[in-house]
Amino acid sequence: MRVFNDLTDLPEFRNAVLTIGSFDGVHQGHQQILDRVKELARQNEGESIVVTFHPHPRLVVYPKDNSLKLITTIEEKVQLLRRYGIDNVVVVPFTVEFSQQSADEYIKKFLVDKFHPKHIVIGYDHRFGLNRQGDINYLKWHGEACGYEVVEIGKHEVEDIAVSSTKVRRALDEGKVSDAARLMGHYFSLTGTVVHGNKIGKRIGFPTANLEIPQRHKLLPPGGIYAVYAYHQGQRYGGMLYIGDRPTLEQYDNKTIEVNLFGFDKDIYGDKLQLELIERTRDDEKFDGLEALSKRLQQDREEVQKVIGELESAETKKKMSPQARAAIVILNYNGRGYLEKFLPSVLGTTYPHFEVIVADNGSTDDSLDFLSEKYPDLRCIDLGQNYGFAEGYNQALQRVEAPYYLLLNSDVKVEPGWLDPLMELMERDPSVGACQPKILAYDEPNRFEYAGAAGGWLDNLGYPFCRGRIFADTEPDEGQYDELQEVFWATGAAFLVRSKLFHDLGGFDGEYFAHSEEIDLCWRIKRAGYKIMARPRSVVYHVGGGTLNYNTPRKAYLNFRNSLYTLVKNEERGRLLWILPARLLLDGLAGALFLMQGKISHIGAILRAHWSFFPNLKRTLRKRRQIRELVQKVSISNKPNYAGRYPGSIVWQYYAMGKRRFKNLS
């Protein structure tokens, strides 16, 4: 989704279908209108557009009116419109000057000149222009000359929406946040900045993040304890929220909003925190001192954890339905031995809704004969030739229909329950685009494996490394990376991705052949605002180097070449101007290192990589433009997601500072 805040910087919309309004709360009544806009856009091969205003027009027209209470801030509203699949949101800066437009100016200079709409979906009582002189009939009257059609939202529907808004506000005013959630179709949110408090919670064993809500017109539910979900840097945590005047602490005379996050121990002062209010568990109360308060908070935490636990259990049962199917696709090239050894473990997966598919990449061994004889019911796709890893998967996945693809190397052994945690994560959080399990070495199962370890990171110069593996050094697995964490890239050895996202972003780049294609795709996914996650509750065991050994000149060539391709296609233009020269210098240093190690053929691999890269630079820049358009179409955020990007140089940390472990990076 694209978001525009400047009317002078709007693109040419294609067959625009737009609606205009406040959409406060984006509740289920609003969602019916959004569905109508999206359907019209689909029928006309156009774009859906929501036009809304900030600040709220009432605050500009009646600046002394302090009675307005908004369910959503503008940021929360945009986030919800993104969730409900709108292509474009235009946030119009509402000013006194804008409000002074005549009805004709509003139609011609604003609606027509800025949007060139094909359809305008609007309420029967919509008024616009100076002194509200324009109405829907006036809008229709101009329609034929201006080339748009008005789709009227009838009186009954508009009144239902107004009633819904009133019901939502009433529920929130009464602290019935679960009732409000049912009316809206999503939780009520509070978003603010974490500020310093009085540290009382920490003293009594309940450290809290104090939230400052800058929008004074944001509706605030009554005091008490609430079960909440808290979102920090893309991660979700359960929490216990307190809103109130702290009657037990009479020396502090101010309202506070503070949340105790479960399983969280980070310094997040100055960070943004978003809370989703699930249920109110009690009113605000006064206690006889801190000891009594602490005892009550312990009981509150147990009650809140029970609420969240029951909710998550219900979510999991609901989402783990026959529709949540995963296609486990194994790309095979002369891997008969691996299929014989590891395919039984994959077929023993306990997740209830999966299919195993073997796509054969032109094998010259007896892989297909073996599968036909040993597993006659197993689906096989014979690609007929060796397309390489990247294009081989592209070709195979064009013939596979499933909501999720699990791309699995043939040299991977899995445990029976390995898929469940991955699918649960993807089903629970729609903002996760792809994820991976923890990858351990098959021959040394207490040590991380090179290919992906506990999730991939990228440094400031575009060099990849992992939690648990820096360059060729792999760490022993001592549980140090067992927490769920957002990363920058997920390994292609065991890669779970949303199928629609895979195809919408163009799949792998077939020119890569093998190596770095998953980093390139993950970078595109993160540019669209999605998350890439490492889920260590799921563990697999990878032989590694089964098709192409990690230490061969061929792999060095692909790594150096494809890494440069990935940078040019995805890195910000301004950063590329200095990163590319820096990378060329470091490639030269890598050549010197290979010379000292006696790896002369590897030096040739670097030279061949550059000879391949630079003649194709113009074509790569063309791909860069195409990728930008693909990313814009599927984006769920107006900013790329940089979680998992290390701000320093991993080369410097490794070679100059001697840092061989991810946990020791500064």
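What the table below lists for this structure:
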| quantity | calculated |
| --- | --- |
| Under-5 Å amide H pairs with Leu70, H placed in peptide plane, nonlocal only | Lys218, Leu219 |
| Hz values of 3J(HN,Hα) by residue in segment 221-231 - Karplus curve (6.51, -1.76, 1.60), Gly and Pro given as x | x, x, x, x, 9, 10, 7, 9, 9, 10, 10 |
| Hull volume in cubic angstrom per residue (convex hull over the Cα atoms of the chain) | 181 Å³ |
| Lys/Arg +1, Asp/Glu -1 at C-beta; segment 2-163 dipole; positive extreme among Ile74, Asn137, His156 | Ile74 |
| Debye intensity ratio I(q)/I(0), log10, segment 83-202, q values 0.10 Å⁻¹ (C-alpha model) | -0.51 |
| Calculated diffusion of segment 567-644, Stokes-Einstein form, Kirkwood radius summed over Cα pairs, 25 °C and 0.890 mPa s, µm²/s | 165 µm²/s |
| Overall form of segment 2-163 per C-alpha gyration tensor (a/c, 1.5; a/b vs b/c) | rounded |
| Partners for Lys272 among lysines (Cα-Cα distance below 18 Å; same-chain residues under 8 apart left out) | Lys77, Lys218, Lys531, Lys639 |
| Segment 187-319: relative contact order as a whole-number percent, Cα under 8 Å and 6+ apart | 31 percent |
| Positive-end extreme of charge dipole, the chain - chosen from Leu621, Thr566, Leu297 (charges on Cβ) | Leu621 |
| In segment 20-98, the GluC sites (Glu not before Pro) that fall in loop regions by DSSP, at most 11 other Cβ within 10 Å | Glu45 |
| Of Met657, Val3, Ile439, farthest towards positive along the dipole that unit charges on Lys, Arg, Asp, Glu beta carbons give the chain | Met657 |
| Directionally averaged projected area (convex hull, Cα atoms, segment 407-449), nm² | 3.6 nm² |
| Chymotrypsin sites (Phe, Trp or Tyr not before Pro), loop per DSSP, at most 15 other Cβ atoms within 10 Å - longest free stretch of the chain | 288-470 |
| Cleavage-rule hits (GluC sites (Glu not before Pro)) in segment 360-401: DSSP loop, at most 10 neighbouring Cβ within 10 angstrom | Glu401 |
| Cα centre as origin, Lys/Arg/Asp/Glu Cβ charges: the chain dipole, Debye | 1460 debye |
| Over segment 187-319, volume per residue of the alpha carbon convex hull, in Å³ | 110 Å³ |
| For Val150, residues with placed amide H under 5 Å, excluding near neighbours | Ile120 |
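Every number here is computed from the coordinates shown, using simple stated rules; none is lab data. Computed from a predicted structure; not experimentally measured. Because the Cβ atoms are built from the backbone with ideal geometry, glycine has one as well, and the counts that use them run over all protein chains shown.
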